[in-house]
1. Counting only residues 5 or more places away or on other chains, whose amide H sits under 5 Å from the amide H of residue B:54 once H atoms are built in the peptide plane?
2. Label points 7 Å out from Cα along the Cβ direction at residue A:92 and residue B:36: separation in nm?
3. Show the residues, 5+ positions off or on another chain, whose built amide H is closer than 5 Å to the amide H of residue A:87.
4. If R0 is 22 Å, what FRET efficiency do you get for residue A:110 and residue B:66 from their C-beta distance, rounded to 0.05?
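FYI, it's all coordinate maths here, none of it is from the lab. Predicted model, so just to flag it, every value in this text is computed and none were measured. Glycine also receives a Cβ, built like all others from the backbone with ideal geometry; neighbour counts cover every protein chain displayed.
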Amino acid sequence: MAERRSRQIRPTQATRVFTHVLHRRYAVYTMGALCFIVLMALLERMGWPRTWIGGTFLIGTVAVYAAIGLMSRTTDESEYYVAGRRVPAIYNGMATAADWMSAASFIGTAGVLYLQGFAGLAYILGWTGGYCLVALLLAPYLRRVGFFLNASGFSR
Amino acid sequence: MGVQEAGEVAADSVEARASHWRKVCLWTALGLFSWLLVTWVVVWFASDFNAWTVAGAPAGYWLAAQGAIGVYLIIIIVHGRIMDALERRSQAATDAAQGCSSPESSLD
């Protein structure tokens with residue numbers, strides 16, 4: 001009878017400390033990203049060639065991601081996709097949103113809309129509507145089984 | 001617990017679960033219907049919608065590009081909140097039925 005009531009667990013002291021450290025780390029990372037952008041803007045003003053700025057952006061950000069990935073390397077699937085469920089959900093949501101804010105969204109859909117007009121909106125409606133359907137029909141049930149959901153997995 | 005009380009508790013919890021499932025189905029159906037409305041009806045009648053303008057763009061186009069996305073967001077948020085509340089209530093009901101009143105913490 002004394003089963004774990006996993007829906008009503010109160011955060012322990014360890015989790016609270018972890019979350020506090022996490023907020024601080026995310027704040028430091030955000031400030032670092034903003035400083036990087038400002039630095040690039042200043043360098044552009046000083047006359048850096050365009051290709052160099054593009055290259056620095058690419059290599060710099062990939063290096064930072066690789067370093068973060070190395071520092072928090074894991075083979076546990078739950079740790080990989082949702083940080084072991086210890087990270088507040090809003091950060092996980094932001095990470096998933098960042099997946100979708102990519103060249104496909106900005107350049108790709110802009111191009112498709114330009115070429116095909118109204119028909120191109122099918123991509124936007126499809127992707128976002130797909131998330132809606134996943135949330136309605138699948139998420140509450142698969143959540144109990146521990147799956148990780150992404151609309152693109154159901155677009156085929 | 002006497003045998004009779006245990007039987008009543010079991011029947012209650014089965015009925016509670018059936019009512020919970022019915023509410024879940026109702027809200028999911030509502031969400032699905034809104035999704036249908038905003039996706040298929042808007043796109044089907046897009047040229048009729050285009051007679052009006054919203055925010056400087058033909059209404060049919062704006063609805064498919066931004067209005068529908070906003071409605072999806074609302075559907076997801078409202079559905080999520082309602083599901084959470086329903087599950088919390090059903091969890092509290094099964095807790096009360098089985099005699100545990102306070103939630104346990106994760107580590108002790």
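1. B:59
2. About 3.1 nm, to one decimal.
3. none
4. Rounded to the nearest 0.05, the efficiency is 0.90.
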